[in-house]
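Each remark here refers to the structure printed beneath this line.
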Amino acid sequence: MTFAAVPVSESLRLVLAGFGGGAFVGQAETVARFFELRSRWAGAHNLSGPRALKDPGATDLTDAAALAELVEPAVPLYDIGAGSGVPGALVALLREDVRVVAIEPLAKRTAFLRQVISTLALRNLEVRRATWPIALEGPGAVVSRAVFPVPTWPGVAAAGGTSVTTIYRYLARERPPFDVGGFERVNTRLYAGPADSEHLLERWDRVG
């Protein structure tokens, strides 16, 4: 599938300008192409909810851009239950220096993510059809968005074993304690979500 020029809405540019010190704005057209491709696939497959499809900047891009600020290229980022590519595929778009591995058990969604790689020429995004936990090749960071209940996510993430060196946690109104030992919070990013709701992204690193 190929694309002609895709209009970039002002809302997408404004979201990107608010993260990464403005460094992500240069990827606005590619981000718009990603959302256009997702919208096309969503017509036949259950990739995303109606609110996200209508206003992807407020519902999806903010979460991905916040993560793109905090990730480091030293270890790959594993997006667990990658689904429609949020946040993993978008992080790969915004941070070409970060290797992203999308873990997704459903065939239709892995097919979509492989189409994203092909269409947008994402060399730093890899797709694996699998169910977490998997054996990591080495140290890795893990993230998941809207797949696991917020209170249980740290334990699910840690099930990947000692190779899991960083856990990212998205929080909105519900903010339970992080109940897995051996990790410390080293960074946070507070930002506005849909309807100006307050969202928080935490980075927890393994200690010892």
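Determine whether the stretch 155-166 contains at least one residue that is within 21 Å of Phe34 (Cβ to Cβ), in contact with a Ser or Thr (Cβ under 9 Å, 6 or more places away or on another chain) and modelled with pLDDT of 95 or more. No: the stretch 155-166 contains no residue that is within 21 Å of Phe34 (Cβ to Cβ), in contact with a Ser or Thr (Cβ under 9 Å, 6 or more places away or on another chain) and modelled with pLDDT of 95 or more.
Taking the criterion of being of a type in the set (Ser, Thr, Tyr) and either in contact (Cβ under 8 Å) with a residue 24 or more places away in the chain or surrounded by 14 or more Cβ atoms within 10 Å (Cβ to Cβ) (or both), would at least one residue in the stretch 146-153 satisfy it? No; the residues of the stretch 146-153 include none that is of a type in the set (Ser, Thr, Tyr) and either in contact (Cβ under 8 Å) with a residue 24 or more places away in the chain or surrounded by 14 or more Cβ atoms within 10 Å (Cβ to Cβ) (or both). For Gly83, the stated conditions hold: it is more than 21 Å from Leu16 (Cα to Cα), touching a residue at least 40 places away in the same chain (Cβ under 8 Å) and not aromatic (Phe, Trp, Tyr). Scan Ala158, Ala130, Ala135 and give me the residue that is closer than 17 Å to Phe178 by Cα and hydrophobic (A, V, I, L, M, F, W, C). The match here is Ala158. Of the strands (runs of 3 or more DSSP E) lying entirely inside the stretch 102-208, those containing at least 2 residues that are among the hydroxyl-bearing types (Ser, Thr, Tyr) and under 21 Å from Gly20 (Cβ atoms) span 164-171, 183-192. Taken over the stretch 86-101, the residue count meeting the criterion of being part of a loop (DSSP other than H, G, I, E, B) and in contact (Cβ under 8 Å) with a residue 40 or more places away in the chain is 2.
Are there any pairs with C-beta distances below 6 angstrom linking a residue in the stretch 121-145 that is over 16 Å from Val98 (Cβ atoms) to a residue that is among the polar types (S, T, N, Q), with the two at least 6 apart or on different chains, and if so which? Close Cβ pairs (under 6 Å, with a partner that is among the polar types (S, T, N, Q)) amount to Arg129/Thr110.
The values are calculated or read from the model by the stated rules, or taken from the named source; none is laboratory data. The structure presented is a predicted model; accordingly, all values stated were derived computationally and were not measured. Don't worry about glycine lacking a Cβ; one is built from the backbone with ideal geometry, like all the others, and counts go over all protein chains shown.
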